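Take a look at the structure set out below.
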Amino acid sequence: MANRLYIVSSGAGGTSYITPEAKKALKECEVVVSYSKYAKELKELIEGKEIYTSGMTHEIERCNQAIEYAKQGKTTCIVSNGDANVYGMATLIVEIIDEKELWDEIELISLPGVTSFLAAASKVGAPISQDFSIISLSDRLTDINLIDKRVKAALACDFILGIYNPKSKKRVLPYQNFLKALEDGYQDRIAIIASNVGREEKEKITITTAKDLITQDINHEAVSMSTLIIICNSNTRLTKNGKVLTPRGYLNKYELSGELK
């Protein structure tokens with residue numbers, strides 16, 4: 001099939017986390033479709049390509065344009081930050097192709113990426129080695145009552161909880177509801193606040209507590225739309241040098257030598 005469309009996951013900001021597979025697709029393609037900010041970050045990898053960009057909230061437009069380029073026979077990449085299946089472009093591309101019944105016309109190839117959740121975790125120790133849940137607080141496409149329900153359920157189940165899109169200048173209520181959920185017995189949980197992960201000059205990662213988030217409410221200077229928050233579980237602790245550790249449980253069962261206790 002000649003009409004090839006790649007969904008390229010560019011990883012957690014910048015180019016540090018982009019996979020060789022994704023780089024190969026960008027090299028092969030003729031056209032790159034991207035959110036403007038991500039195209040600037042990938043400038044060196046997409047030089048010489050036909051480039052189509054647009055701003056935030058124009059996701060449907062970008063997907064339709066990428067599909068149109070592919071239908072024209074141009075090998076096309078649509079770029080999605082992080083991983084395309086984690087609040088990215090994969091779902092919308094698949095949905096539109098399915099609605100338009102284009103499966104016989106377009107070969108769709110989705111390439112995975114390193115999310116900010118995984119990248120941030122790698123920088124602070126080993127905080128997510130037990131079961132975890134990832135929830136977006138953006139209520140632009142998801143009902144706020146469902147978001148609140150998921151947050152409370154994840155905390156009650158003692159999941160490590162990753163929070164995407166915590167708040168923006170105009171959208172603060174889901175974040176305030178999240179903070180209220182933390183007040184119900186989770187104030188002492190270790191919290192990781194990570195902003196602009198992978199963007200070296202802007203990257204900032206803070207290890208703190210849920211109580212700190214609650215106390216500073218919507219005015220916490222480290223929390224914005226570009227922030228990922230990780231709330232650790234009841235087993236998480238700090239190491240002797242200040243890293244974050246959620247033990248898997250090996251040393252409950254085995255001696256340091258590897259022998260069973």
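Quick notes on this one:
- Cross-link pairs K23/K43; K40/K74; K37/K100 - those with Cα-Cα distance over 18 Å: K40/K74; K37/K100
- Approximate spin-label separation N145-K37, in nm, with each point projected 7 Å along Cα-to-Cβ: 3.2
- By accessible area, using a 1.4 Å probe on protein heavy atoms only, region 33-90 has 46% of its surface on carbon and sulfur.
- Angle in degrees between helix 59-71 and the longest Cα principal axis of the chain, rounded to the nearest 10: 40
- The angle between the Cα long axis of helix 173-182 and the longest principal axis of the Cα atoms of the chain comes to about 30 degrees, rounded to the nearest 10.
- Isolated Cys in the chain, by beta carbon distance under 4.7 Å: C63, C157, C232
- Of the accessible area of region 102-261, computed with a 1.4 Å probe over protein heavy atoms only, carbon and sulfur atoms account for 49 percent.
- Cβ-Cβ FRET estimate between E183 and T91, R0 fixed at 41 Å, reported to 0.05: 0.80
- Alpha carbon centroid spacing (whole Å) that separates region 120-198 from region 7-22: 24
- Paramagnetic reach from V172 (point 7 Å along Cα→Cβ, amide N under 19 Å) across region 189-215: 211-215
- Spatially close Lys pairs in region 141-261, defined by Cα atoms under 18 Å apart and a spacing of eight or more places or different chains, total 11.
- Springs join every pair of Cα atoms under 10 Å in this Gaussian network model of the chain, and among M89, M225, M56 the largest mean-square fluctuation is at M56.
- Solvent exposure of the chain amounts to 54 Å² per residue of accessible area, where only protein heavy atoms count and the probe is 1.4 Å.
- The peptide list 148-161, 236-249, 29-42, put in order of mean Cβ contacts within 10 Å with the highest first, becomes 29-42, 148-161, 236-249.
- Surrounding net charge for S10, when Lys and Arg each add one and Asp and Glu each subtract one, Cβ distance under 13 Å: +1
- Selected from T115, T215, T53 as most flexible by GNM, with the chain as the system and alpha-carbon contacts under 10 Å: T215
- When you restrict to C-alpha pairs under 8 Å that are six or more residues apart and normalise by the size of the chain, the relative contact order lands at 19 percent.
- Extension reserve of the K123-I109 stretch, reckoned as 0.36 nm per residue once the Cα distance is removed: 2.0 nm
- Overall form of region 117-245 per C-alpha gyration tensor (a/c, 1.5; a/b vs b/c): oblate
- With a Förster radius of 45 Å applied to the beta-carbon distance between K240 and E101, the computed FRET efficiency rounds to 0.15.
The values are calculated or read from the model by the stated rules, or taken from the named source; none is laboratory data. Just so we're clear, the structure is a prediction, and the values are computed from it rather than from any experiment. All Cβ positions, glycine included, derive from the backbone under ideal geometry; neighbour counts span all protein chains shown. Surface areas here come from the heavy atoms of the whole protein model, side chains and all, with no ligands, DNA or RNA. Shrake-Rupley method; radii C 1.70, N 1.55, O 1.52, S 1.80 Å.
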